[in-house]
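Engineer: Shown below is the structure under consideration.
Taken together, the values in this text are just the output of simple stated rules run on the coordinates, not laboratory data. Bear in mind the structure is a predicted one, so any value in this text is a computation, not a measurement. So basically every Cβ, Gly included, is an ideal-geometry build from the backbone, and we count neighbours across all protein chains shown.
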Amino acid sequence: MKMYVAQEQMQMVGKAWEIRHHLRELHKNNDRHTSLHSLIQARISLSPKNPKTP
């Protein structure tokens, strides 16, 4: 399964059972009232920034 996270969206590519499993893991590892938007923002803030090339 692949997951792409952008500023305002999250795209998951894989088999249906893989996506359901990953969503359940996200739900289990976070507060039940955490929104998808806040999860996306947390992932963006944790991802390494690409250095600008000259």
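Engineer: Over all distinct Cα pairs, what is the inverse of the mean 1/r for the chain, reported as the Kirkwood hydrodynamic radius in Å?
Structural biologist: Result for the chain, one decimal place: 12.5 Å.
Engineer: How far is helix 36-46 tilted, in degrees, relative to the longest principal axis of the Cα atoms in the chain, given as a value from 0 to 90 rounded to the nearest 10?
Structural biologist: Roughly 40 degrees, rounded to the nearest 10.
Engineer: Dipole size in debye (nearest 20) for the chain around its Cα centre, Lys and Arg Cβ +1, Asp and Glu Cβ -1?
Structural biologist: Working: 9 positive and 4 negative charges, 23 e Å.
In debye, rounded to 20, the chain gives about 120.
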